[in-house]
């Protein structure tokens with residue numbers, strides 16, 4: 001008979017331990033559920049932030065796609081821009097006013113943005129101001145070659161003919177070469 005009370009006490013202790021363990025587990029589950037429900041706003045905020053970042057990335061990709069390839073080429077040899085400008089001076093608009101270009105001094109300027117400067121003196125003649133206006137517009141209002149007008153002298157040469165001398169400065173920016181700049185820009189664009 002002494003065995004029955006011992007078994008009964010052990011059974012009660014086991015039952016008490018099971019109840020205590022179940023209560024602890026229930027508390028853990030409720031704490032985890034509270035923690036999970038507390039993470040829901042963070043998850044929504046993170047998702048919103050992710051969507052904003054995706055939109056910003058797409059906008060930046062669009063900006064990179066809009067950048068002219070010549071600007072992504074790294075260092076631009078100043079001679080390439082110089083020769084392209086000389087080719088531009090061979091355009092028909094120069095022949096209409098009997099224009100001639102002479103190259104002056106070439107120099108390198110260390111300003112906030114370093115650039116190569118080439119001075120040109122362009123002489124031309126005209127009898128009709130419309131021709132002169134078309135010539136000056138074609139030369140000065142094009143967007144490819146950055147020109148700075150230094151001086152414009154206009155004088156009457158003979159009856160009905162006006163001669164002019166235009167001094168301009170061609171500024172070609174000096175660009176540093178960063179290896180992989182083009183490939184990085186293409187990777188971002190994808």
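Residue 43 meets all of the listed conditions (1) at pLDDT 85 or above; (2) closer than 27 Å to residue 154 by Cβ but one, namely (2).
Just checking, does segment 64-71 include any residue being touching a strand residue (DSSP E or B) at 6+ places or on another chain (Cβ under 6 Å) and at pLDDT below 90? Steps first, please.
Within segment 64-71, the first condition is being touching a strand residue (DSSP E or B) at 6+ places or on another chain (Cβ under 6 Å), and the residues that meet it are none.
No: segment 64-71 contains no residue that is touching a strand residue (DSSP E or B) at 6+ places or on another chain (Cβ under 6 Å) and at pLDDT below 90.
For first residues located in segment 133-147 and assigned by TED's automatic domain parsing to the domain that holds residue 168 and at pLDDT 85 or above, partners that are surrounded by fewer than 17 Cβ atoms within 10 Å (Cβ to Cβ) and in a loop (DSSP other than H, G, I, E, B) and lie 6+ apart or on another chain with Cβ distances below 8 Å form the pairs 138/91.
Considering segment 75-103, the residues that are part of a strand (DSSP E or B) and either touching a helix residue (DSSP H, G or I) at 6+ places or on another chain (Cβ under 7 Å) or free of Cβ contacts under 8 Å to residues at least 24 places away in the same chain (or both) include one that is surrounded by the most Cβ atoms within 10 Å (Cβ to Cβ), namely 101.
The values are calculated or read from the model by the stated rules, or taken from the named source; none is laboratory data. All figures in this text were calculated on a predicted structure; none of them were measured in a lab. No Cβ is skipped: glycine too gets one built from the backbone with ideal geometry, and neighbour counts run over all protein chains shown.
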